[in-house]
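One structure below.
Each reported figure results from applying straightforward, stated rules to the coordinates on display, with no laboratory input. No experiment lies behind these values; they were computed from the predicted model shown. Cβ: placed from backbone, ideal geometry, glycine included. Neighbour counts: every protein chain shown.
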Amino acid sequence: MRTLNLLYFARLRESFGREKETVVLPAQYATVGDLVTYLASRGGEWENELGSDKVFRVAVNQVLATADTPLPDQGEIAIFPPVTGG
Amino acid sequence: MTEQTLIRIRVSEADFDLQEEQQALLELTAEAGAVVSFTGYVREFSSGAPLETMLLEHYPGMTESALEMIAQEASQRWSLKAVNIIHRIGRLGPKARIVLVQVVSRHRGDAFSACEFVMDYLKTRAPFWKKEFPLEGQPYWVEAKETDEAALARWF
């Protein structure tokens, strides 16, 4: 089992109606891609934002990640839209 | 480059003063021959519609480390005396200052290039998001532009 602290920002925070949550996932959910699949399976806005061709970014412990990045136990995983600062 | 580069990062609601920032950098560096500054502002129109305010959201913690990493990367590519990055967050009105990048070097070429590199990197990698509130109509999140990714790709 892995405990993950999830954070959502900007448009995704509004779509999901929450800024953070803690999830406990079975060990077979090992990568960022697995987590995204799990979240998209919730349906509704989750599937719409994470399960379609919409673009989003994921950071693991505050470093930009890819679908292959492993999920560290007790990790901070942030999901957010492409950035628009500057 | 082997020389030590002074790196200053600030993420804050507070406004900044260009001249004060530049003076502080120059006092902390030796043999500075060039300073290049970029300031980004809130445009008073967005897609042709008058803007009431802009909200800048960020990811506390990652923002600072991302900006630090960007400044480090610049200091490895060019010979730099100092890099100063200030980015504002929260609600900003039309014509407000959003971002300041100042680069100090011995010669102008390094400072010009590094300043543009830092901005291109920041626009696509630092976790900030803009929400625009027009005078009339619904607020909306600004969409990322492909041209910004293309601008960063030039450096690699």
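Data table
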item: P(r) of the protein assembly as shown over all Cα-Cα pairs, binned every 5 Å from zero, in whole percent; result: 1, 6, 13, 15, 17, 15, 12, 10, 6, 3, 1, 0
item: Electrostatic dipole magnitude of the protein assembly as shown [Cβ: Lys, Arg +1; Asp, Glu -1; Cα centre; debye, to 20]; result: 120
item: Positive-end extreme of charge dipole, the protein assembly as shown - chosen from B:S113, B:A74, A:V83 (charges on Cβ); result: B:S113
item: Pairs of Lys in chain B closer than 29 Å at Cα, counting only those 8 or more apart or on different chains; result: 9
item: Peptide-level mean, for A:73-83, of C-beta atoms on other protein chains within 10 Å; result: 4
item: Average beta-carbon neighbours from other chains, 10 Å sphere, peptide B:120-128; result: 4
item: 10 Å Cβ shell holding at most 14 others, DSSP loop, GluC sites (Glu not before Pro): longest site-free stretch of chain B; result: B:45-135
item: Per-residue average of Cβ from other chains inside 10 Å of B:19-27; result: 0
item: Trypsin sites (Lys or Arg not before Pro) restricted to the range B:87-156 and DSSP loop, no more than 16 other C-beta within 10 Å; result: B:K95, B:K145, B:R154
item: Signed unit charges on C-beta, dipole axis of the range B:21-68, positive-most listed residue B:L25, B:M62, B:G40; result: B:G40
item: Charged-residue dipole, Cβ positions (Lys, Arg, Asp, Glu), chain A about Cα centre, Debye nearest 20; result: 140
item: Helical contribution to [θ] at 222 nm, DSSP H n ≥ 4, -39,500 (n - 2.57), averaged over chain B, rounded to 500; result: -11000 deg cm²/dmol
item: Share of alpha-carbon pairs per 5 Å distance bin for chain A, given as whole %; result: 3, 14, 28, 30, 18, 6, 1, 0
